[in-house]
Structure formats: C-alpha cells, structure tokens
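Chemist: Below is the structure I would like to discuss, written out as structure tokens.
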Amino acid sequence: MPETTLSEQLPAGQTGTPVLEVSDLSAWYGEAQALRNVSLEVRVGEVVTLVGRNGAGKSTTLRSVMGLHRHISGNIRLDGQDITSRTAERRARAGIGWVPDDRGIYASLTVMENLTLPPVVDRDAAWSLERIFEHFPVLHTRRNFPGTKLSGGEQQMLAMARPLRMGAKMLLVDEASEGLAPVIVTQIGDIIREIKKSGVSVLLVEQNVNFASTVADRHYLLAEGEVVESLGNDEFQSRLEELLHHLGM
Ligand SMILES: Nc1ncnc2c1ncn2[C@@H]1O[C@H](COP(=O)(O)OP(=O)(O)OP(=O)(O)O)[C@@H](O)[C@H]1O
Ligand SMILES: [Mg+2]
C-alpha cells in the first residue's frame, strides 16, 4: 500500500488552501521585542507545530494570533481575510479556537457547563455533545464534576473539546502534552489525529518533540523570536537528535 499523502486525506477542493496566514509578525512587551518577522501558515486539515526553547516566543505567537496580545506589527489572515485589527472575541467568532497553556477551565463550573457556556460560532462545524462524548468518554463520566475535581489530563481534554463544541476551524493549542502522564499524552495524540480527520486545522505549541513528530505534518522552529527553520515531518523526524540538541533538551 502506498503511503497516503496529506492531500489525499483532505476533503476535495480544500487541498493546500491556507486557513491561517501570519506574515511578518513582530511583537513587543513594552520596549522588549519578543517576536521578529514571524511568518507561517497552516492549511486546511493540517497539524503544524511551533517548537522552541523556553522564552522563544511560542506563546506570544499564539496569543498574537488569537488577538490576546495586541502590541504587534504585521498581518494575520484567516481564510484570506485580514483579521489583524479584530478583537479576540471577533476572532473566536470567525472560528479560531483557543486552548491555553493553563487550560482555562472555570473551576466552579461543571464539565457540562464549561462545555456549553461558550457560544457556538458555527452551527455546521460545531461538534455535538454526543460526538464530544464519543471522542472524550472521560468528559461524559465526569460531566457533573466541577473543574476543580478534574485531573490534569481531564482538564486538557475539556480544554480541547470546548472549541470543537463551539465549531472552531483553527485550533491554537499551547503545550497540550505538558505535565501529563505518557498514557494521557497518547490519548491527546489520538484526539489531535481525530480533529485533523474532521478537517479542523491545528497550530500546536510543543516542547515535547517526540510527541510533535507523531501528530504533525509540518513544524516551525522558533529561536529568540524568529522562525529559524520550517520542516516537513519526515525531515523533522530524521533530524530529531540534532533538533533536541538545538533546543537544549
Ligand atoms: N507578560 C510578559 N511581560 C514581559 N515579557 C514577557 C511577557 N510574556 C512573555 N515575555 C517575554 O517574551 C519572550 C517570549 O515569551 P513566550 O512566553 O512567548 O515564550 P515561550 O516560547 O512560550 O516560552 P515557554 O516555553 O516558557 O512557554 C520571553 O523573552 C519572555 O520573557
Ligand atoms: Mg509558552
């Protein structure tokens, strides 16, 4: 059997169409520049990672795309539309889903309330609760538990399920695997592959390059606020040792 290529897995007519295009993004905290001319793109149904050391600018890139960090220059497009001046709320309504590094679970609300409180932004794309529970069975088991009673892995599942429930088409995921047991990381990987199959695109920040290589199509390496390499997953895998060294891991 020949290997299936990404384009064969994509719905017809969507091959290679960019969903997210970031051009020449620079970002500052006060006087300090955190990003320098970062350019990247994510195509329909692609999983792309941003890899880099602590402080490289990974979270700042995601926060800038979400509109949560506004001291920036450059240009951000979603489905070809310039969204650079839009608020985070309008970007969410346009289909950008946010999975923050602290997971952003409302501690006093139940799993069910956490899932259903945010507005559905796209009825056709929104995952039904049935579908959510099929792919995240633990959220069904825990549906009446408050956020405070969830394990780290359960919180991560909930954080990822929430934007799918909203109907996001472009997920921004910051450090999905961090601090989780290997068995949970494997589950998160399965879910990311499932999300990809459904045509949703993912930009994933990862420090765990082994995990990154099991889920992603392509990778951008960030160092000191700049993209220093853009790699397909085959090249990424064949250079893993060198990249680990480069990342100081
Ligand atoms: N709120 C802030 N105020 C000032 N500087 C900040 C702030 N947040 C981040 N920075 C700085 O911006 C740079 C990029 O930080 P960022 O959090 O984007 O990196 P990161 O790649 O996500 O790192 P980590 O792997 O630790 O999460 C770093 O030099 C960091 O110190
Ligand atoms: Mg970060």
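Chemist: Once you mark the GluC sites (Glu not before Pro) that are in a DSSP loop and have at most 16 other Cβ atoms within 10 Å, what is the longest gap between them in the chain?
Modeler: Values: sites that count: E3, E31, E178, E224.
After excluding every exposed loop site, the longest remaining stretch is 32-177.
Chemist: What residues qualify as long-range amide H neighbours of S39, i.e. H under 5 Å apart, gap of 5 or more or another chain, H built at 1.01 Å from N?
Modeler: Residues meeting the criterion, in which the H sits 1.01 Å from N, are D24, L25, V227.
Chemist: Then there's this: Let me know the charge dipole size of the chain about its Cα centre in debye, to the nearest 20, where only the beta-carbon of Lys, Arg (+1) and Asp, Glu (-1) is charged.
Modeler: On the way: 25 positive and 32 negative charges, 191 e Å.
Roughly 920 debye for the chain.
Chemist: Let me ask something else. Kindly identify region 1-150 as rounded, prolate or oblate by the Cα gyration tensor criterion: order the square roots of the eigenvalues as a ≥ b ≥ c, call it rounded if a/c is under 1.5, otherwise compare a/b with b/c, prolate if a/b is larger, else oblate. Display every interim value, and only then the final one.
Modeler: On the way: a/c = 1.82, a/b = 1.21, b/c = 1.50.
Oblate shape, in that a/c is at least 1.5 and b/c is the bigger or equal ratio.
Chemist: If you don't mind, another one. If a helix is a whole DSSP H run, which ones in the chain reach 20 Å or further along their own axis (Cα) and hold a mean Kyte-Doolittle hydropathy of at least -1.0?
Modeler: Details: long enough: 152-166 (22 Å, -0.33); 182-197 (23 Å, 0.34).
Taking the DSSP H segments of the chain (at least 20 Å long, mean hydropathy at least -1.0), we get 152-166, 182-197.
Chemist: Along the charge dipole of region 18-246, Cβ charges K/R +1 and D/E -1, which of S23, H245, G67 sits furthest on the positive end?
Modeler: Farthest towards the positive pole: G67.
Chemist: Given a 10 angstrom Cα cut-off, can you work out which residue in N54, N114, N233 is the most mobile in a GNM of the chain?
Modeler: Greatest mean-square fluctuation among the candidates belongs to N54.
Chemist: Tally Lys/Arg at +1 and Asp/Glu at -1 over every other residue whose Cβ is under 14 Å from the Cβ of S39; what's the total?
Modeler: Numbers: positive: R36, R77, R218; negative: E21, D24, E41, E226, E229.
Every neighbour counted, the sum reads -2.
Chemist: Next question. Whole-Hz Karplus ³J(HN,Hα) for region 241-248, in order, using 6.51 cos²θ - 1.76 cosθ + 1.60 and θ = phi - 60°, x for Gly and Pro?
Modeler: 4, 5, 5, 4, 5, 4, 7, x
Chemist: As I understand it, the dipole of region 18-246 uses +1 on the Cβ of Lys and Arg and -1 on the Cβ of Asp and Glu, about the Cα centre. Which of S213, G95, A223 lies farthest toward its positive end?
Modeler: My answer, from the dipole projection, is G95.
Chemist: Next question. Mind jotting down the distance between the C-alpha centroids of region 138-177 and region 208-237, whole Å?
Modeler: Using only Cα atoms, the two centres lie 25 Å from each other.
Chemist: Shape call for region 37-96 from the C-alpha gyration tensor, a ≥ b ≥ c root eigenvalues: rounded (a/c under 1.5), prolate (a/b greater than b/c) or oblate?
Modeler: Details: a/c = 1.75, a/b = 1.23, b/c = 1.42.
Oblate, since a/c reaches 1.5 and b/c is not below a/b.
Chemist: Given the -39500 (n - 2.57) contribution per DSSP H run of 4+ residues, what per-residue ellipticity at 222 nm results for the chain, rounded to the nearest 500 deg cm²/dmol? Intermediate values should be presented prior to the final figure.
Modeler: On the way: 11 runs with 88 residues, N = 249.
Taken over the chain, the calculation gives -9500 deg cm²/dmol.
Chemist: So if we plug the beta-carbon distance of K149 and D190 into 1/(1 + (r/R0)^6) with R0 = 22 Å, what FRET efficiency do we get, rounded to 0.05? Intermediate values should be presented prior to the final figure.
Modeler: Values: r = 24 Å, r/R0 = 1.09.
Plugging the Cβ-Cβ distance into 1/(1 + (r/R0)^6) gives 0.40.
Chemist: Once the piece of chain linking A223 and A88 is laid out straight, how much longer is it, given 0.36 nm per residue of separation minus the C-alpha distance between them? Mind dumping the intermediate values first?
Modeler: On the way: separation 135, 0.36 × 135 = 48.60 nm, distance 2.58 nm.
So the extension gain works out to 46.0 nm.
Chemist: If amide hydrogens are placed 1.01 Å from N in the peptide plane, which non-local residues have theirs closer than 5 Å to the one on V47?
Modeler: HN-HN under 5 Å from V47: V202, D217, R218.
Chemist: For region 18-246, what does the relative contact order come out to in percent, with C-alpha contacts under 8 Å and a separation of six or more?
Modeler: Working: 446 pairs, mean separation 63.8, N = 229.
After rounding, I find 28 percent.
Chemist: Hey, another quick one. Run the dipole for region 39-101 about the Cα centre, Lys and Arg Cβ at +1, Asp and Glu Cβ at -1, nothing else charged, and hand back the magnitude in debye, nearest 20. Write out the running numbers ahead of the final one.
Modeler: Values: 10 positive and 6 negative charges, 35 e Å.
So the magnitude is around 160 debye.
Chemist: Once you put a point 7 Å from the Cα of R77 and another 7 Å from the Cα of T110, both along the Cβ direction, what distance in nm separates them?
Modeler: Rounded to a tenth, the inter-label distance reads 4.5 nm.
Chemist: Report, for region 18-246, the % of DSSP beta bridges that are antiparallel, rounded to 5.
Modeler: Working: 23 of 41 bridges.
Percent antiparallel among DSSP bridges in region 18-246 is about 55.
Chemist: Continuing with the same structure: What's the exposure ranking of M66, M170, going from fewest to most Cβ atoms within 10 Å? If you can, show how the numbers build up before the last one.
Modeler: On the way: M66 18, M170 22.
Going from least to most buried by this count: M66, M170.
Chemist: Would you tally the net charge around H140, using a Cβ to Cβ cut-off of less than 10 Å, leaving H140 out, and scoring K and R as +1, D and E as -1? Before the final figure, lay out each step's value.
Modeler: Working: positive: R142, R143; negative: E130, E134.
Here the count lands on 0.
Computed from the coordinates by the stated procedures, all read-outs in this text should not be read as laboratory data. Predicted model only: the values in this text are computed from it and were never measured. Every residue, glycine as well, gets a Cβ built from its backbone with ideal geometry; the counts of neighbours run over all protein chains shown.
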